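Each value in this text was obtained by applying a stated rule to the coordinates, not by laboratory testing. Quick caveat: nothing in here was measured; it's all calculated off a predicted structure. Note that we place each Cβ from the backbone using ideal geometry, even for glycine, and neighbour counts take in every protein chain shown.
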Amino acid sequence: MSHRPYAVNPGSLRVRTETRQDGTEYFYGAIEAAWFRRRSGFTVACLGRLWDYQDERPSNAEQFLANHRDGRYGGSAIARWDGSNLWAPEMRKAKQDQCFELLEPMLANFPAVPPGYDGWWTFKENAA
């Protein structure tokens, strides 16, 4: 696929209200996501988040994802499993173990959507 597909944890959506200098509001949203990518010729499983700024407050994960039009930044990874090494530099051991419990079977079952996640979502770059 030309645009990386993401699986998301629908219950993890967090939205906060921001205010522009002119006083109008917009909304920052972030949702936990998992995806595959190629790294040095190998497929790896990644965990992180997708984020977006939107003019309307999304009422749920599906609405947030449907309105997510700009995919140029991709996901912000916090952990990555390549089949032999877990990269998770900013995590304590207990959180690394949780990530490994998701990423190890995810990579082993490529390209299946991880349990508890909804996928696959893709986003194109904004053509503005």
Fill in the blank from the handout: Expressed in nanometres to one decimal, the distance between label points 7 Å along Cα→Cβ at Glu90 and Thr122 is 2.9
Handout entry: Cα-centre dipole for the stretch 6-121 with unit charges at Cβ (Lys and Arg positive, Asp and Glu negative), debye to 20
Key = 400
Completion exercise
Listing Cys99, Cys46 by rising number of other beta-carbon atoms within 10 angstrom, fewest first, gives Cys99, Cys46
Fill in the blank from the handout: Quotient of Cα radius of gyration and Kirkwood radius for the chain, i.e. Rg/Rh, equals 1.00
Completion exercise
Checking Asp55, Asp82, Asp118 against a Gaussian network model of the chain (alpha-carbon springs below 10 Å), the top fluctuating residue turns out to be Asp55
Fill in the blank from the handout: Here FRET efficiency (C-beta to C-beta, Ser12 to Arg38, R₀ 22 Å, nearest 0.05) is 0.30
Problem - Positive dipole terminus of the chain, leading residue within Gln98, Ser84, Thr43 (C-beta point charges) - result: Ser84
Fill in the blank from the handout: So, relative contact order of the stretch 6-121 in percent, Cα under 8 Å, 6 or more apart, is 27
Exercise for the section: Please determine, in degrees from 0 to 90 and to the nearest 10, the orientation of helix 93-108 with respect to the longest principal axis defined by the Cα atoms of the chain, where the helix direction is its Cα long axis. Expected result: 80
Fill in the blank from the handout: Over the chain, the sum of -39500 (n - 2.57) across DSSP H runs of at least four, divided by residue number and rounded to 500 deg cm²/dmol, gives at 222 nm -5000 deg cm²/dmol
